[in-house]
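Working notes, beginning with the structure itself.
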Amino acid sequence: MEEMERYQKIAYVNLKHNLIIPYVLVVLLSLLSPLVIGLDNLNENQTAKVVEVFISLFGIIMLMSIFTPDIDRDIRDIISSKKESMIVNHVLRSMSALLLIAVTGVLYLGWMAIGGCDFTFSLMFFVLMANSLFLGGLGVFVFSLSNQPVLGYMVPILYYVMNFGSGKKYLGDFYLFSVMQSGSYQEKYLLLAGGIGLLVLSVIWRDVIWQKFR
């Protein structure tokens with residue numbers, strides 16, 4: 001019980017000091033999106049375009065917050081001196097960010113459904129989480145290696161841009177826009193697995209391997 005209370009406190013502090021600004025940005029983008037893209041009476045492919053091209057970017061915004069608090073070595077040393085390990089801190093931050101992405105995705109898809117869009121809710125939510133996890137995981141992985149948040153943002157954004165045009169030819173099964181282009185969901189399993197793998201590798205590198213070379 002005491003351990004759970006400590007975890008809840010860590011999650012609350014992370015939300016208050018680390019996640020609030022990225023989440024406000026995500027909410028603002030969601031609310032302003034109808035000014036840029038139509039959200040009414042869309043079919044499955046059109047809905048997929050909104051999810052794959054627009055909502056997937058939420059993963060970069062939210063997941064990059066995992067390592068942000070401890071860029072400064074002094075702050076990281078203070079956090080690591082606490083009872084909970086840095087692995088616990090980073091896992092809780094990851095779970096909090098993913099939860100907010102999921103909640104926002106459900107609300108956004110619900111908004112589209114109310115607007116008359118015709119799509120399979122569970123499949124489109126799967127698309128959202130797979131793309132978001134992969135893009136965000138890619139950014140976090142680069143961030144963990146370089147300790148440079150700018151690079152962490154640049155690499156997934158560059159990868160995202162590569163998917164336009166002839167992106168399918170070069171990216172293969174890791175193509176982000178497979179549903180809107182061909183109605184294929186198979187690529188999403190690899191993207192989801194790849195995103196989870198990148199997150200896990202990021203934490204292992206940051207909190208296990210990198211620690212040995214400090």
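The values are calculated or read from the model by the stated rules, or taken from the named source; none is laboratory data. No experiment lies behind these values; they were computed from the predicted model shown. Remember, those area values only see protein heavy atoms, side chains included, never the ligands or the DNA or RNA. Shrake-Rupley method; radii C 1.70, N 1.55, O 1.52, S 1.80 Å.
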Once neighbouring chains are kept in place and the probe is 1.4 Å, which whole percent of the accessible area of the chain is contributed by carbon and sulfur? 69 percent
For the chain, what are the DSSP H helices with axial Cα length of 27 Å or more and mean Kyte-Doolittle hydropathy of at least 1.0? 86-114, 121-146, 186-204
Give me the base-10 log of I(q)/I(0) for segment 81-180 at each q in 0.14, 0.20, 0.23 Å⁻¹, Debye formula, one uniform scatterer per Cα, rounded to two decimals. -0.70, -1.13, -1.24
May I ask you to compute the full-extension gain from K16 to V36, defined as 0.36 nm times their residue separation minus their alpha-carbon distance, rounded to one decimal in nm? 4.2 nm
Segment 1-74 and segment 97-139 have their Cα centres apart by a whole-number Å value of 11 Å
Which three lengths, in whole Å and largest first, does the chain cover when its Cα atoms are put on their principal axes? 53, 37, 29
What's the Cα-based Rg to Rh of segment 133-214, Rh via Kirkwood? 1.06
For C117, enumerate residues with amide H under 5 Å from its amide H, sequence gap 5+ or separate chain, H modeled in the peptide plane. N41, L42
Scale the Cα Rg of segment 13-75 by the rule-of-thumb value 2.2 N^0.38 Å and send over the ratio, two decimals. 1.44
